[in-house]
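Structure first, then comments.
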Amino acid sequence: MKTTWKIDSSQSDVLIKMRHSIIAYLAGTINKFKGHVDIRNNEIEDASIEFSLNVNNKETKLEHIDTHLRLNDFLDINEYPIISFKSTSFQKVNKNINFLKGNLTIKNITKVVELDAEFIGFNAYNGDRKAAFEITGDINRKDFGLSSNSFTQSGGIAGGQDIKLIANLEFTA
């Protein structure tokens, strides 16, 4: 039996960072997440995960942690407000460690990425069934046209080649 769990946006968050720079912390209480995970017979192997994040949420004031690297400059959020991911495979390695492969779209560029998905577990809260995951991965920013003109005082580029994506996602059945 397949159960579709909807993302609980108030309990989900995403951290986007690059070496030497935290670009933004996008908490669920200030951002619009959409998505779901399909789980068969309460077994996460071969689960299907899909989520999207509107990084151009005008309803709140997003405080940028790093003053040198603005989220809008980096992601061009006015033109491309949605970051999305749709899994193509979910491989269970052990109880908590899983490999998640899928299509990541940033700035209307879609690339296949491999992410680590830690299954935190099932829980019940106020009568709702919950499933929680932490999804992490390093993404080559140039694959998605993510460049920055930020430079250090010595003239070198402030950030690294990869950006780290850390998503804490909670789903409700």
Nearest 0.05, what FRET efficiency do K2 and K164 give at R0 = 30 Å with Cβ-Cβ as r?
0.40
HN-Hα couplings for the range 5-17 via Karplus (6.51, -1.76, 1.60; θ = phi - 60°), in whole Hz with x for Gly/Pro, come out as 9, 8, 5, 9, 5, 6, 10, 10, 8, 9, 10, 10, 9
Through the Karplus equation 6.51 cos²θ - 1.76 cosθ + 1.60, θ set to phi - 60°, convert the phi angles of the range 109-122 into ³J(HN,Hα) values in whole Hz; use x for Gly and Pro.
10, 10, 9, 7, 10, 10, 10, 9, 10, 8, 7, 6, x, 9
For D76, what accessible surface area do you get with a 1.4 Å probe? Give it in Å², rounded to 10.
60 Å²
To the nearest 0.05, what FRET efficiency results for D138 and I97 with a Förster distance of 22 Å applied to their C-beta separation?
0.85
Exposure of K6 as accessible area (Å², to 10), given a probe of 1.4 Å and all protein chains:
130 Å²
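The values are calculated or read from the model by the stated rules, or taken from the named source; none is laboratory data. Because the structure is predicted, anything quoted here is derived from the model rather than measured. Cβ sites come from the backbone with ideal geometry, for glycine too, and all protein chains shown count toward neighbours. Side chains are part of the model used for accessible areas, which takes the heavy atoms of the whole protein and leaves out ligands, DNA and RNA. Shrake-Rupley method; radii C 1.70, N 1.55, O 1.52, S 1.80 Å.
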